[in-house]
Amino acid sequence: QAVFARVSLLGLGGQGRVHWSPDPMGAHCACGQQKVADPKAEQRAARTLAHDATEARLFTLEAQMKQLISLQAGGQQAVGGVGGGGPGAGGGKGPTLLSLRGIEAKRNINSRGGLHADAAAGVPRAPELTPAHSTASTPTHVTGPMAGSLNTILGHLWPRISAYTTELIRTEVQPQLQANLPSALQGLAFDTEKCHLGQRPFEFRRIHIDKESQITATGTLQNLVFQARFEWDADCEVYLTFAGAGFGIQGLSIRGVVLLELVGLLDAPPFFEGIRVFFNNEPEIDIQFQGAGAGMLNLSIIRNKIVDVVTKSIRDLMVVPNRLGYTVVPEADIFRIKSPPAQGMLYFTIWDARELLAMDHSWFRKPSSDPYVIVRCGAYYFKSPTKYKTLNPDFAHTVAIPISEAAHQRVHLELFDEDLLSGDDFLGKLSLPVNAMIAWGHQNRREFQLEDEHGQRGKSGGIRVSAEWRPLLLDTARANTRAQGLVAVGVHSATQVPRICEGAQFSVVVRCAGIMDGFPDDPKETNWVAESPENQGQHSATDTSAEMASMRSRLMLLKQYNMSEQDMAKVLQVDVQRLHDCLMHRSTTQAAGDLATATTQELQWESGFEFPLAQIGKSKLTFDLMCQPPRRSARVLGTYECDVSELLKEPNCTAWRTVEVSGSSAVLKLKLCLRHLGEVSNVLNEHPGSSYGEDCTLALPA
């Protein structure tokens with residue numbers, strides 16, 4: 001019946017009022033006073049529908065129909081058959097008409113394909129859905145057709161997935177936990193009877209598939225994008241025991257929008273170059289604890305802190321501009337897949353707010369608030385100054401937000417009342433799509449009503465904002481050292497890295513001088529990579545003796561020339577600290593034997609970062625190769641520096657560099673991309689194929 005109702009509604013093409021007639025046998029649909037009962041006419045309408053109707057519109061109608069049907073609950077019954085009906089429905093023999101509170105549910109088809117309740121009839125209005133390309137406002141618990149099929153498959157697989165997770169914790173996670181815990185906590189262990197994913201599976205609410213173009217300096221890549229809204233109200237358990245007591249997670253709630261992109265479609269297997277996965281914004285997370293100390297852990301102030309830590313870990317891993325990326329074709333550029341440069345900068349201004357809620361009450365003055373604004377977009381976070389003792393604050397606060405996925409990202413605003421002695425009070429929120437704000441144009445201020453915690457408007461006051469879009473351009477003719485811009489940095493790998501000891505870890509810390517105002521100048525750091533295991537048995541005894549003799553002769557020769565330990569370490573391709581220890585505590589022969597076994601290694605990170613620049617000519621990048629032996633502090637093995645302006649001389653302002661790290665034998669492999677800010681525009685890309693240059697993704701119609 002639901003399927004037939006969808007077809008009947010779409011077949012009308014928006015003609016006047018529609019009465020829903022979900023009667024699969026009679027197949028009647030009344031439009032005004034006219035009935036459609038001719039089988040041939042219905043076949044023609046169905047054929048026309050197959051050509052003209054899109055999946056997005058089908059989903060919109062089905063979703064709102066389910067919402068309207070759900071309103072029948074609580075004693076509100078559909079009127080039909082005997083005693084029901086209206087135009088086109090007569091007595092007990094006519095088709096059944098869906099109605100609410102005894103009133104026919106007449107609906108108007110609006111220009112966006114949504115259905116609005118007849119206000120005159122007193123019928124509640126169905127929630128409005130966003131255009132087809134967005135899953136952000138899919139109503140809670142409404143599942144699209146494609147997502148429903150996937151959820152059915154996932155439901156059958158869930159017991160096996162849960163059992164596999166429990167086994168994974170027992171066989172892999174538990175041994176790693178024990179190996180890395182200090183001796184005082186060796187008794188800490190997972191309770192395998194209380195480590196499972198629960199009975200309620202992960203659920204997708206809507207899946208939308210589209211094709212997008214990624215414009216590069218050498219051509220245009222076609223990408224296939226899967227955008228999915230998901231929810232998981234889990235009854236999972238993850239329980240730890242220690243010294244007879246236990247604690248852990250009893251429930252987990254997570255919801256958000258995840259995107260999976262097949263990057264660089266090809267004409268032959270494997271048909272695409274790589275895969276990237278990311279969240280367009282931070283997912284919503286909540287955790288409930290159990291066991292010893294659960295009462296304290298479930299206090300909102302403590303639980304929120306724990307949730308913040310978990311959210312930050314996810315944000316740093318896979319909230320844009322951070323992504324998970326993998327190559328399928330071995331020669332593919334991992335940074336084109338994982339870390340394409342931002343498309344542009346959105347200059348977002350909060351001008352003022354009006355009629356905010358009063359949270360501070362006193363006997364001596366009028367109720368008031370101390371409001372401030374938090375702006376989030378992807379992994380970026382900004383906070384405005386606080387305006388004290390006012391319900392009508394003038395902020396005039398502008399933030400510059402790098403935008404990586406304009407077709408999918410949203411700007412989220414939250415207003416809070418600042419409190420010194422307690423938690424800050426929530427005042428209101430607002431969420432705006434980036435692609436809509438780009439079209440606002442120059443100095444076009446818009447006013448919006450704020451939403452409360454439940455998404456309702458009208459009681460939390462209003463806010464006035466504006467947005468200006470400045471694309472990041474690849475135009476070497478107009479680029480200059482005085483321009484603002486953005487540099488994208490890719491740390492790929494390092495070779496000839498000296499071995500330190502078993503259990504040592506390595507990372508690269510990247511610093512950028514000359515950051516744009518409003519952005520933290522904190523360094524960015526790759527993940528820590530463990531020292532690779534040495535290939536035992538790689539050399540025979542004869543080879544080892546020859547290497548020791550060669551090392552001894554080189555060591556004695558370098559000593560004769562009074563070279564510094566740093567220069568000697570570089571020539572010998574060993575760690576300077578290890579060389580120092582050998583020369584201080586061993587004879588030349590013993591030192592040569594130790595150093596001969598100190599082979600080098602290759603490490604790989606494939607980490608990408610971006611830095612907005614206040615002025616290209618005054619910006620400098622610094623790379624520190626870090627090492628941390630077990631139970632010792634991290635230290636710098638060596639450093640590489642370069643001026644960002646050097647990239648202006650490179651083809652397309654993009655370069656792969658293999659550079660020596662001063663103070664070490666190591667060699668870093670980097671990818672550096674420079675873009676400069678264009679003028680204010682109200683379109684995403686004014687000059688397709690040329691202005692963005694390499695590795696920028698633009699949404700195109702499917």
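Of note:
- Karplus (6.51, -1.76, 1.60) ³J(HN,Hα), θ = phi - 60°, over region 649-655, in Hz, Gly and Pro reported as x: 8, 7, x, 6, 6, 9, 8
- Pairwise FRET efficiency - Arg482 versus Ala439, Cβ, R0 = 22 Å, nearest 0.05: 0.15
- The 3J(HN,Hα) values that the Karplus relation (6.51, -1.76, 1.60; θ = phi - 60°) gives for region 425-441 are, in residue order, 8, 6, 10, x, 8, 7, 10, 10, x, 5, 5, 6, 5, 4, 7, 5, x Hz. Gly and Pro appear as x.
- Using the average count of surrounding beta-carbon atoms within 10 Å as a protection proxy, the listed peptides 577-586, 255-264, 154-163, 479-488 rank, highest first, as 255-264, 479-488, 577-586, 154-163.
- Rounded to 5, the percent of DSSP beta bridges in region 276-414 classed as antiparallel: 95 percent
- Computed magnitude of the charge dipole of region 254-293 (debye, nearest 20; Cβ of K, R +1, Cβ of D, E -1): 100 debye
- A Förster distance of 22 Å, applied to the separation of the beta-carbon atoms of Glu646 and Glu602, puts the FRET efficiency at 0.25.
- Neighbours of Glu641, meaning other residues whose beta-carbon lies under 15 angstrom from its beta-carbon, give a summed charge of 0 when Lys and Arg score +1 and Asp and Glu score -1.
- Under 5 Å, built H, 5+ apart or other chain: amide partners of Gly198: Glu237
- Largest accessible area first, the listed residues Met551, Met296 line up as Met296, Met551 when surface is computed with a 1.4 Å probe on the assembled protein chains.
- For region 555-662: lysine pairs under 28 Å (alpha-carbon distance), excluding those fewer than 8 apart on one chain: 4
- Put Tyr164, Tyr640 in order of accessible area, highest first, and with a 1.4 Å probe you get Tyr164, Tyr640.
- Area of Glu331 that stays accessible when all protein chains are in place (1.4 Å probe, Å², to 10): 150 Å²
- Accessible surface comparison of Glu650, Glu167, probe 1.4 Å, protein chains only, largest first: the order is Glu167, Glu650.
- Only Lys, Arg (+1) and Asp, Glu (-1) charged, at Cβ; region 208-317 dipole about Cα centre in debye: 300 debye
- Heavy-atom accessible surface of region 192-347: percent carbon and sulfur, 1.4 Å: 60 percent
- Estimated FRET transfer efficiency (Leu150, Thr220; beta-carbon r; R0 25 Å; 0.05): 0.25
- Relative to the current alpha-carbon distance between Glu447 and Asp394, full extension at 0.36 nm per residue lengthens the span by 17.7 nm.
- Protection proxy ranking of 405-417, 365-377, 333-345 - average other beta-carbon atoms within 10 Å, highest first: 333-345, 405-417, 365-377
- Unit charges on C-beta of K, R, D, E only; dipole of region 586-663, Debye: 360 debye
- 30 Å Cα-Cα threshold exceeded, pairs from Lys429/Lys671; Lys211/Lys383; Lys211/Lys305; Lys305/Lys429; Lys312/Lys669: Lys429/Lys671; Lys211/Lys383; Lys211/Lys305
- For region 359-427 and region 203-282, distance of Cα centres in Å: 30 Å
The values are calculated or read from the model by the stated rules, or taken from the named source; none is laboratory data. This is a predicted model, so every value here is computed, not measured. We place every Cβ from the backbone using ideal geometry, glycine too, and count neighbours over all the protein chains shown. Protein only, heavy atoms only, side chains kept; ligands, DNA and RNA dropped before computing areas. Shrake-Rupley method; radii C 1.70, N 1.55, O 1.52, S 1.80 Å.
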